[in-house]
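This report refers to the structure that appears directly beneath it.
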Amino acid sequence: MLPAIRRTERRTKERTQLEIKSLEDARRFVQIVNARNAENNSGVKAWRIAKQAAWLLLLIVAFLVYYLLDVAYEAMFLP
């Protein structure tokens, strides 16, 4: 089986029907939702890696432009 299919099946098994019948059930539900950490989501991790890669690429390009402009400036004023 593919990992994505397994993950989907596991999520559907973990989900239970939400039944809030009392105030205590509502408080428990709020505590469960507050305990979730969005940082552990695989989509968030993928976007964070993409963002870091984009910043790294921008830094490399900026350095190369700076270096090439410096070399061109020095070459222009050679005796």
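Quick check: is even one residue across the range 47-57 over 18 Å from the mean Cα position of the chain (by Cα) and of a type in the set (Val, Ile, Thr)? Full working, then the answer.
Pass one, the range 47-57, residues over 18 Å from the mean Cα position of the chain (by Cα): none.
No; the residues of the range 47-57 include none that is over 18 Å from the mean Cα position of the chain (by Cα) and of a type in the set (Val, Ile, Thr).
Listed by first and then second residue, the pairs linking a residue in the range 31-59 that is without any contact (Cβ under 8 Å) to a residue 24 or more places away in the chain and part of a helix (DSSP H, G or I) to a residue that is loosely packed, with under 10 Cβ neighbours inside 10 Å and not β-branched (Val, Ile, Thr), with Cβ atoms under 6 Å apart and 6 or more places separating them unless they lie on different chains, are Val44/Ala38.
Does Tyr73 satisfy the condition of being exposed (fewer than 10 other Cβ atoms within 10 Å of the Cβ), part of a helix (DSSP H, G or I) and hydroxyl-bearing (Ser, Thr, Tyr)?
On the way: exposed (fewer than 10 other Cβ atoms within 10 Å of the Cβ): yes; part of a helix (DSSP H, G or I): yes; hydroxyl-bearing (Ser, Thr, Tyr): yes.
Criteria met by Tyr73.
Within the range 56-73, the presence of a residue that is out of contact with any strand residue (DSSP E or B) (no Cβ under 9 Å at 6 or more places or on another chain), of a type in the set (Asp, Glu) and at pLDDT below 95 is excluded.
The values are calculated or read from the model by the stated rules, or taken from the named source; none is laboratory data. Only a predicted model underlies this, so the values are computations on that prediction, with no experimental measurement involved. Ideal geometry is used to build each Cβ from the backbone, glycine not excepted, and the neighbour counts take in all protein chains shown.
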